[in-house]
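Written below as structure tokens is the structure these notes are about.
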Amino acid sequence: MDYYKESLRLHYEWKGKLETKARAKASNREELSLAYTPGVAAACLEIQKDIDKSYQLTRRWNTVAVITDGTAVLGLGDIGPEAGMPVMEGKCLLFKEFADIDAIPLCVRSKDADEIVNAVSLLAGSFGGINLEDIAAPRCFEIERRLKERCDIPVFHDDQHGTAVVVLAAVMNALKCVGKKLGDCTVAISGAGSAGSAIAKLLHAGGAGDIIMSDRQGIICKGQELSTAFEELADFTNSGRRTGTLADAMKGADVFIGVSAGGIVSPEMVASMAKDAVVMAMANPTPEIMPDEALSAGAAVVGTGRSDYPNQINNVLAFPGIFRGALDVRASNINESMKLAAAKAIAGLVSESELSTEYIIPEAFDPRVGKAVAAAVAEAARNSKVARI
């Protein structure tokens, strides 16, 4: 199938992937009086007395805003907010299909962080959570940080944290296959943008031994002239003060994680890694190195972002269940404990008898995933005191 051609045909036919469905009726005078005026005033006055009643008397409890400025849409780049709308509608569809969450796409006509933060924070009272999507780095870091400060509902940048959760789950199980522990491993990461930074932080929180990050200019090392974002990364990575290129970062590493560009890793670079290396080459549509090349060069376990190879690293394993769990306990935040719990829940769905080098992570359509992640996240929210019910 030509997916581009057929998808475009269907988008013309669908005229949008979402619609509003009424939960109340207004087909006669009595129903209208109850759902709308005058009866609705009673619900309004209850919320006026206690704003938390908005979660009980409106659909806010199950509604997430999916926010973009259209600056980093899939592999298309800065195509603008309107052009990003089909992707945001698709994301909302996934929320509904995988976690029964009502999600609304909001595409903001601004690249100014102040304007975006102000617009979203002013609308936050209508939602139970905020999912930031396809916002370019480094602006995405500032927007997320400031929205977390201003909003009393979960703010989650899926490009960062959803990716990190699924990567951690995959790495945990890949290391089981080769008999290694995360705390003993050196991890080389190619790409220090939104996904790479979040992966590094979650791996660190999960107890990774050493993490060596590399971007276009080479290995990130304390003491270099670095941006604020890179300074933060340098504080907990590259303890041996290694310098050089990505090839230097990969020498002796137990795990390689790529969230950068296709074709930049050679078989020789994989061969230079530690014995029984794990390679997660996730650039799309062309990975940093193709799976067959990585395996031929000595990698024991390989994952990609593609659906046509084993071990697909797919965010849909994470974000629906994470938000379901957060909404179910009316969490004020999605913290590191909740992300770690989500990763462990995903990894735990692959039993010891099922685990193999070609099956380290559940399939995207595994019906157990959303429920398991939601339950783990809700429990972590309670334990970390961010649950409000």
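The values are calculated or read from the model by the stated rules, or taken from the named source; none is laboratory data. Bear in mind the structure is a predicted one, so any value in this text is a computation, not a measurement. Using ideal geometry, Cβ is built from the backbone for each residue, glycine included, and neighbour counts are taken over all protein chains shown. SASA here: full protein model, heavy atoms, side chains in, ligands and nucleic acids out. Shrake-Rupley method; radii C 1.70, N 1.55, O 1.52, S 1.80 Å.
Measuring from a point 7 Å past the Cα of Thr245 along Cα-to-C-beta, which residues in segment 203-236 have an amide N at less than 16 Å?
In segment 203-236, the label zone of Thr245 (backbone N under 16 Å from the point 7 Å along Cα→Cβ) covers 214-220.
Once phi is turned into ³J(HN,Hα) by the Karplus curve 6.51 cos²θ - 1.76 cosθ + 1.60 with θ = phi - 60°, what whole-Hz value does each residue of segment 303-311 show in order, with x for glycine and proline?
The phi angles translate into x, 9, x, 9, 8, 9, 10, x, 6 Hz.
Expressed in nm to one decimal, what extension gain is obtained for the pair Met1 and Ala261 from 0.36 nm per residue of sequence separation less their Cα-Cα distance? Please list the in-between numbers first.
Details: separation 260, 0.36 × 260 = 93.60 nm, distance 2.60 nm.
Computed gain between Met1 and Ala261 is 91.0 nm.
Total Lys pairs in segment 136-251 closer than 18 Å by alpha-carbon, pairs eight or more apart in sequence or interchain only?
Working: Lys148/Lys201; Lys180/Lys251; Lys181/Lys201; Lys201/Lys222.
Lysine pairs meeting both conditions in segment 136-251 amount to 4.
Between Asp184 and Arg23, how many nm apart are label points set 7 Å from Cα along the C-beta direction?
For Asp184 paired with Arg23, the spin-label model returns 5.1 nm.
How long are the three semi-axes of the equivalent ellipsoid of the chain, in whole Å, if each is the root of 5 times an eigenvalue of the C-alpha gyration tensor, listed from largest down?
Details: eigenvalues 304, 94, 88 Å².
In descending order the semi-axes read 39, 22, 21 Å.
Which three semi-axes in whole Å describe the equivalent ellipsoid of segment 189-329, each the square root of 5 times a Cα gyration tensor eigenvalue, listed largest first? Intermediate values should be presented prior to the final figure.
Details: eigenvalues 109, 96, 33 Å².
Here the semi-axes work out to 23, 22, 13 Å.
For the chain, what's the relative contact order in percent, using C-alpha pairs closer than 8 Å and at least 6 residues apart?
Working: 733 pairs, mean separation 50.5, N = 389.
Dividing the mean separation by the residue count of the chain yields 13 percent.
Within segment 250-278, list the residues whose amide N lies under 14 Å from a label point set 7 Å along Cα→Cβ of Ser296.
Zone members listed by number: 266-271.
For Ala83, put the label point 7 Å out on the Cα→Cβ axis and report which residues of segment 133-157 keep their amide N under 17 Å from it.
134-137
Give the accessible surface of segment 259-389 per residue, rounded to a whole number of Å², with probe radius 1.4 Å and ligands, DNA and RNA excluded.
Details: 5480 Å² over 131 residues.
Value returned for segment 259-389: 42 Å² of accessible area per residue.
List the relative contact order of segment 280-389 as a percent without decimals, with contacts defined as Cα pairs under 8 Å and 6+ residues apart.
Numbers: 164 pairs, mean separation 32.8, N = 110.
Once normalised by length, the contact order is 30 percent.
When the chain is fully extended, how far beyond the present Cα-Cα distance does Glu31 get from Leu355, taking 0.36 nm per residue of separation? Present the calculation step by step, with values, prior to reporting the outcome.
Numbers: separation 324, 0.36 × 324 = 116.64 nm, distance 5.50 nm.
Answer, rounded to one decimal: 111.1 nm.
Using alpha carbons only, how many degrees (0 to 90, rounded to 10) separate the axis of helix 40-49 from the longest principal axis of the chain?
60
If you take the Cα atoms of segment 1-81, find Rg, then find the Kirkwood Rh from the mean of 1/r over all pairs, what is Rg/Rh?
Details: Rg = 20.1 Å, Rh = 17.0 Å.
Answer for segment 1-81: 1.18.
Using a Förster distance of 35 Å, how high is the FRET efficiency between Ala42 and Asp308, based on the Cβ-Cβ distance and rounded to 0.05?
Working: r = 55 Å, r/R0 = 1.58.
So, using R0 = 35 Å, E works out to roughly 0.05.
Per residue, how many Å² of accessible area does segment 1-74 show with a 1.4 Å probe? List each step's numbers first, then the result.
On the way: 5890 Å² over 74 residues.
With all protein chains present, segment 1-74 gives 80 Å² per residue.
Mean residue ellipticity at 222 nm from the helices of the chain, using -39,500 (n - 2.57) per DSSP H segment of n ≥ 4 over the full residue count, to the nearest 500 deg cm²/dmol?
On the way: 16 runs with 170 residues, N = 389.
The per-residue figure over the chain is -13000 deg cm²/dmol.
In the chain, what percent of the accessible surface is made up of carbon and sulfur (1.4 Å probe, ligands and nucleic acids excluded)? Kindly include the intermediate steps, with their values, before the conclusion.
Details: 9930 of 18710 Å².
Here carbon and sulfur together make up 53 percent of the probe-accessible area.
Sequence gap at least 6, Cα distance under 8 Å: using those rules, report the relative contact order of segment 220-322 to the nearest whole percent.
Values: 168 pairs, mean separation 19.8, N = 103.
Across segment 220-322, relative contact order equals 19 percent.
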